[in-house]
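Report on the following structure.
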Amino acid sequence: MVFKEQTFHGRQPEAEADYTNRATLEASVANALAVAGGIDASDVEVTAEGDEIVLSGHVGTVEEIERATVIARTVEGVHTVRNRILLVDPTVNVRH
């Protein structure tokens, strides 16, 4: 019998521990955003890519965009924050 190392299309499969670490990091940043003052993070999505955090979604002010970056950087394990949060147009969805 010949032992052949497991691969998926010629690449090593990712370890499940990596997914657990990413999920924990994402949850930690999302929680920090949720409990921090000065930001409504209800429409902010947090995604971990390695040790980098990507923030996306919408907020109401430029200050909230900046605050989200500051908050995310304070979470242990975060090395880089890429902020893709956009401003909500206050004139959209206004009922007359």
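On the basis of being at pLDDT 95 or above, touching a Lys or Arg at 6+ places or on another chain (Cβ under 7 Å), surrounded by 13 or more Cβ atoms within 10 Å (Cβ to Cβ) and among the small types (G, A, S), does S56 make the cut? For S56, the condition - at pLDDT 95 or above, touching a Lys or Arg at 6+ places or on another chain (Cβ under 7 Å), surrounded by 13 or more Cβ atoms within 10 Å (Cβ to Cβ) and among the small types (G, A, S) - is met. If H79 meets every condition in (1) touching a residue at least 40 places away in the same chain (Cβ under 8 Å); (2) surrounded by fewer than 14 Cβ atoms within 10 Å (Cβ to Cβ) apart from one, which number is that one? Failed condition: (1). Contact annotation: residue pairs with Cβ atoms under 9 Å, 6 or more positions apart or on different chains, pairing a residue in the range 48-68 that is within 15 Å of A34 (Cα to Cα) with a partner that is part of a strand (DSSP E or B) and of a type in the set (D, E), are L55/E45; S56/E45; G57/E45. Scanning the range 40-59 for residues that are β-branched (V, I, T) and within 25 Å of N21 (Cβ to Cβ) gives V44, V46, T47, I53, V54. Among the residues making up the range 24-53, those that are surrounded by 13 or more Cβ atoms within 10 Å (Cβ to Cβ), among the charged types (D, E, K, R) and out of contact with any His (no Cβ under 9 Å at 6 or more places or on another chain) are E26, D40, E45. Criterion first (modelled with pLDDT of 95 or more and closer than 20 Å to R84 by Cβ) does I39 satisfy it? Judged against the criteria, I39 is not a match.
The values are calculated or read from the model by the stated rules, or taken from the named source; none is laboratory data. Quick caveat: nothing in here was measured; it's all calculated off a predicted structure. As a convention, Cβ positions derive from the backbone with ideal geometry for all residues, glycine included, and neighbour counts pool all protein chains shown.
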